[in-house]
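The values are calculated or read from the model by the stated rules, or taken from the named source; none is laboratory data. If you're wondering where the values come from, they're calculated on a predicted model, not measured in any experiment. As a convention, Cβ positions derive from the backbone with ideal geometry for all residues, glycine included, and neighbour counts pool all protein chains shown.
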Amino acid sequence: MQTQAIQVKGLQKSYKQLHVLKGVDFEVEKGSIFALLGSNGAGKTTVVKILSTLLKPDSGTASVNGFDVAASPGDVRQAISLTGQFAAVDEVLTGRENLVMIARLRHLDHPRQVADDLLKRFGLTDAADRKASVYSGGMRRRLDIAMSLVGKPQLIFLDEPTTGLDPEARMETWKIVKELSDGGTTVFLTTQYLDEAEQLADRIAILHEGRIIAGGTLEELKKLFPPAKVEYVEKQPTLEEIFLAIISKKEAI
């Protein structure tokens, strides 16, 4: 049985003279939370665009739920949903109307019931008939993710989902991501916030200058860091310290 939701091998992509991806390889297990870390310009969003069929790679292969992204883009799109860095809600419409619209676009039966179920799941029932323009940042992000779940996609891409959110809204989003994974949805997360990956991810990959330079569980990545210092208590490295140490080591070569 296929256990990998995503398989990427030798992925390359250039924009004119700028070589963004230089041979990217990784796999994502079904039902897991996978975090792709990297600085601005590392190529995270390019990877997401290729995997979600919005962009074609120059070379290499990528499959999502067993379908090749280049050969079977329609099958890939049926299985996924994408939430970008900024909430893609229609501010003229109410929360309910946004969800009903997406349900109709996906040709689902009983779109209003679909909307009501998601409003309840994401704690937006009381705000259902308010225009999205008056929603707080956290409410807007919840609505955005709810819209992404219309049709029950098997895999959801969250491209820097907490950018610009206050701490409370970030925590709300983290809770939603964990619930998605607990329900069997595969979550592919890109983020610059290392504590976010530390809190959420089952596996982490670090993308630097177009290549994956390290990957594994948090515990596996900790083994790449110098042994813990023993003073009065043992100090375990944070993911931020691991990330910076790996990047610095790579740049020194």
- Those residues of region 153-174 which are outside any strand (DSSP E or B), charged (D, E, K, R) and within 12 Å of the chain's Cα centre (by Cα) amount to Glu160
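Looking only at region 186-199, which residues are within 12 Å of the chain's Cα centre (by Cα), surrounded by fewer than 21 Cβ atoms within 10 Å (Cβ to Cβ) and modelled with pLDDT of 90 or more?
Listed by number, the list is empty, since nothing qualifies.
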- Message: Restricting to region 15-45, name every residue that is at pLDDT below 95 and polar (S, T, N, Q).
- Response: Gln17, Ser39, Asn40, Thr45
- Could you grab me the full set of residues in region 25-82 that are under 16 Å from Gln154 (Cα atoms) and β-branched (Val, Ile, Thr)? Val28, Ile33, Val48, Thr53, Val64, Val69, Val76, Ile80
- Task: Take region 4-34 and flag every residue that is of a type in the set (D, E, K, R) and either without any contact (Cβ under 8 Å) to a residue 12 or more places away in the chain or closer than 19 Å to His208 by Cβ (or both).
- Result: Lys9, Lys13, Lys16, Lys22, Asp25, Glu27
- Which members of region 175-218 meet the condition of being part of a strand (DSSP E or B), of a type in the set (Val, Ile, Thr) and out of contact with any helix residue (DSSP H, G or I) (no Cβ under 8 Å at 6 or more places or on another chain)? Thr186, Ile212
- So which residues in region 81-100 are among the hydrophobic types (A, V, I, L, M, F, W, C) and either surrounded by fewer than 16 Cβ atoms within 10 Å (Cβ to Cβ) or at pLDDT below 95 (or both)? Leu82, Phe86, Ala87, Ala88, Val89, Val92, Leu93
- Please verify whether region 73-89 includes one or more residues that are within 30 Å of Leu18 (Cα to Cα) and without any contact (Cβ under 8 Å) to a residue 24 or more places away in the chain. yes
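Just the residues that are more than 14 Å from Phe122 (Cβ to Cβ) and of a type in the set (Phe, Trp, Tyr), please, taken from region 132-173.
Phe157
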- Give Lys131, Lys152 a once-over and let me know the one that is out of contact with any Lys or Arg (no Cβ under 8 Å at 6 or more places or on another chain) and at positive phi. Lys152
- Message: Going by what's in this entry, would Ala252 be described as farther than 27 Å from Asn65 by Cα, of a type in the set (Gly, Ala, Ser) and surrounded by 14 or more Cβ atoms within 10 Å (Cβ to Cβ)?
- Response: no
